Amino acid sequence: MQGQNQQQAYDRGITIFSPDGRLYQVEYAREAVKRGTPSIGVRTDGGVVLLVDKRISSPLMEEASVEKIHKADNHVGIASAGHVADARKLIDFARRDAQVERLRYDQAIGVETLTKDITDHIQQYTQVGGARPFGVALLIGGVTNGEPRLFETDPSGTPYEWKAIAIGEDRSTVQEYLEDNYDESLPLDEGVELALRALGQIRDSLAPEGVGVATIDAETGAFIELSNDEISEYLDEHDLLDDGTSGDEADPDEDEE
């Protein structure tokens, strides 16, 4: 019985390491990320692509209310997988951080600097009693001095830089496709195609209303979110367009982020 009580203490306390050096609450936060609908990031010579699965749980839901891609600054976009509310808190933090950089130094914040500021904030919630870790992972893509950068944040507060990355459910399947098909010299439009095909590995067909795509162009440094018509053209060109006869429904209790 005593051993069971000790196990529960390790399980519930974010500030307590288990005997094998684990923080269970951080691991549970990673499980929340795995249950979120997938997001994909691809870094190319021409810029960064962020693609998200905006699976609509009901035909009565307003499509515009499912926000999975966010503009953090003119040159930075963020996609997420995990708890919606947690993601929005971190995105608000990122936007404030970017604004402070512009006001204080009159310059755009670096993508790596922004990522590390966010992960420092995340890490604080892994060692404070009475709080819990953020149950979300972010893909932060942008351009710094003409160089495309793509980072992933982890609920532990650790940043990773990637050439191509998937987060959320079915990550291993999507990641395997990216590893087999990624080419660093891809132009930006082919990066969009790669991301769509990667998502197509876990979806029978895709609809423009259920997919979000944004690009950050290396030359202009501009964050641009594609319209449904533009996404439809990509899907139609590559035979990924939903014919309207199929559609996945998400559990409304699960994250759409």
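Nothing in this text is a laboratory measurement; each read-out follows from the coordinates by a stated rule. Nothing here was measured: the structure is a model prediction, and the numbers come from that model. Note: ideal-geometry Cβ built from the backbone for every residue, glycine included; neighbour counts use all protein chains shown.
Structural remarks
- For residue 45 and residue 131, a Förster radius of 25 Å and the Cβ-Cβ distance give a FRET efficiency of 0.05, rounded to the nearest 0.05.
- Label positions at residue 93 and residue 163, each projected 7 Å from the Cα along the C-beta direction, are separated by 3.1 nm.
- Ranked by the mean number of other Cβ atoms within 10 Å of their residues, highest first, the peptides 121-132, 152-163 fall in the order 152-163, 121-132.
- Nearest-ten-degree value, helix 188-200 long axis tilted from longest Cα axis of the chain: 60 degrees
- Unit charges on C-beta of K, R, D, E only; dipole of the stretch 96-241, Debye: 1020 debye
- Highest average first, the peptides 34-43, 167-176 ordered by how many other beta carbon atoms sit within 10 Å of their residues are 34-43, 167-176.
- For the chain, the relative contact order comes to 29 percent (Cα pairs under 8 Å, sequence separation of at least 6).
- A simple spin-label model places the labels of residue 116 and residue 61 3.7 nm from each other, with each point 7 Å out along Cα-to-Cβ.
- Mean-position separation - Cα centroids, the stretch 31-108 and the stretch 114-193, in angstrom: 11 Å
- Peptides 15-27, 71-83, 204-216 ranked from most to least packed by the mean count of surrounding Cβ atoms within 10 Å: 71-83, 204-216, 15-27.
- Cα-projected label distance for residue 204 with residue 103, points at 7 Å along beta-carbon direction, nm: 5.2 nm
- Nearest 10 degrees, 0 to 90: helix 111-124 Cα axis against the chain principal axis: 30 degrees
- Principal-axis analysis of the Cα atoms of the chain puts helix 171-181 at an angle of about 40° to the longest axis.
- Length-normalised contact order for the stretch 83-195 - Cα pairs under 8 Å, 6+ apart - percent: 19 percent
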